[in-house]
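Remarks on the structure that follows.
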Amino acid sequence: MIPAYIPNPAAALLGGGTPVDFGKCAKDGRRILGDGKTWRGLIGGIVVGIIFGLMQIFLYNYFNLEFLPKQTIITVCALATGALLGDMVKSYFKRRLGKDRGAKWPIADMYDMVVGSLVLMTLALLVTGNLNWFTENFDSVGFLIATIIAILILSPLLHRGTNIIGYLLGLKDVPW
Ligand code: CTP
Ligand code: MG
Ligand code: K
């Protein structure tokens with residue numbers, strides 16, 4: 001999940017400038033995505049996520065970490081891109097609900113990148129004919145389910161932790 005977890009904090013560090021929605025509003029008069037989603041954050045976040053994923057592939061091969069699921073170029077690129085696409089879809093619905101940029105939306109804010117990254121990864125493996133990645137990396141359905149449960153438990157903790165650190169370092173305006 002490293003290529004999925006890195007892009008959002010990287011976007012917070014690198015973001016700014018032109019918003020992805022170019023400042024445009026939807027029919028409800030509110031911003032399509034808002035000023036919290038910028039091109040620099042989007043592209044910078046994806047690139048940094050991919051770089052971390054490539055380092056993961058290198059370390060995996062170097063230290064023979066065969067007990068872990070193996071990243072591939074496809075999983076790395078899809079996880080990093082999916083994380084920030086999920087984050088943008090979340091912002092779209094957040095704006096439609098009338099919540100301002102940076103407002104709290106607990107479950108959605110915590111799982112946007114998890115759902116976005118895992119859905120895009122599965123789609124990317126499907127369309128490239130690599131769905132056997134799942135059977136190659138997970139011995140049993142039980143191991144796959146246990147991994148998903150671990151992701152669902154760890155993600156909000158990591159999300160909360162990094163946001164508190166970002167807030168204490170003055171990189172984020174709010175600790176969520
Ligand atoms: N960011 C960015 N571009 C992105 C995602 C994030 O520039 N595609 C930057 C923005 O500076 C943003 C910060 O990272 O404020 C934190 O990201 P996030 O919490 O996802 O955005 P919010 O400001 O909370 O906006 P929203 O309410 O739309 O989620
Ligand atoms: Mg936020
Ligand atoms: K987010």
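The values are calculated or read from the model by the stated rules, or taken from the named source; none is laboratory data. Since the model is a prediction, treat every value here as computed from it, not as a measurement. We place every Cβ from the backbone using ideal geometry, glycine too, and count neighbours over all the protein chains shown. In case anyone asks, the SASA skips ligands and DNA or RNA and just uses the protein heavy atoms, side chains included. Shrake-Rupley method; radii C 1.70, N 1.55, O 1.52, S 1.80 Å.
Couple of notes before you dig in:
- Amide N proximity, the stretch 71-109 versus residue 147 label position 7 Å along Cα-to-Cβ, cut-off under 20 Å: 71-84
- The separation of the stretch 96-141 from the stretch 159-173, counted between C-alpha centres, amounts to 23 Å.
- Test item: Cα-centred dipole of the chain, Lys/Arg +1 and Asp/Glu -1 on Cβ, debye: 820
- Local electrostatic count at residue 112 - Lys and Arg +1, Asp and Glu -1, tallied over other residues with Cβ under 10 Å: 0
- The stretch 88-115 residues near the modelled residue 25 label - backbone nitrogen below 14 Å, point 7 Å along Cα→Cβ: 96, 98
- Sorting 117, 140 by solvent-accessible area of protein heavy atoms yields 140, 117, largest first, with a 1.4 Å probe.
- Cα-based shape type of the stretch 120-161, given that a ≥ b ≥ c are square roots of the gyration tensor eigenvalues and the cut on a/c is 1.5: oblate
- Against the compact-protein benchmark of 2.2 N^0.38 Å, the Cα-based radius of gyration of the stretch 1-57 scales to 1.31.
- Cα gyration tensor shape for the stretch 29-90, rounded if a/c is under 1.5, else prolate or oblate: prolate
- For the chain, built as a Gaussian network whose Cα springs stay under 10 Å, the top-fluctuating residue of 72, 38, 81: 72
- Amide hydrogen neighbours beyond the local backbone of residue 31, cut-off 5 Å, H modeled: 26
- Dipole of the chain, positive direction: furthest Cα of 78, 123, 18, with charges on the beta-carbon: 18
- Axis of helix 39-62 versus longest Cα principal axis of the chain: the two differ by about 20°, to the nearest ten degrees.
- Tilt relative to the chain, helix 141-168 - C-alpha long axis, 0 to 90 degrees, to 10: 40
- Shown in residue order for the stretch 73-89 are the 3J(HN,Hα) couplings computed by the Karplus curve 6.51 cos²θ - 1.76 cosθ + 1.60 at θ = phi - 60°: 4, 5, 5, 4, 5, 6, 5, 5, 5, x, 4, 7, 5, x, 4, 6, 4 Hz (x for Gly and Pro).
- Between the Cα long axis of helix 106-127 and the first principal axis of the chain there is an angle of about 50°, rounded to the nearest 10.
- Within-14-Å neighbourhood charge of residue 43 [Cβ basis; K, R +1; D, E -1]: +1
- Probe 1.4 Å, all protein chains present, accessible-area order of 5, 167, 62, largest first: 62, 167, 5
- Computed in the context of the full set of protein chains, the accessible area of the stretch 76-174 at 1.4 Å probe radius has 72% of its extent on carbon or sulfur.
- Value of [θ]222 nm, deg cm²/dmol, for the chain, DSSP H segments ≥ 4, -39500 (n - 2.57) each, nearest 500: -22000 deg cm²/dmol
- Residues of type lysines that residue 94 reaches as a straight line, Cα spacing below 17 Å, ignoring anything fewer than 8 places off in the same chain: 24, 27, 37, 104
- Overall, the ratio between the Cα radius of gyration of the stretch 2-168 and 2.2 N^0.38 Å, rounded to two decimals, is 1.09.
- Distant-in-sequence amide H partners of residue 38 (H built 1.01 Å from N, under 5 Å): 16, 20
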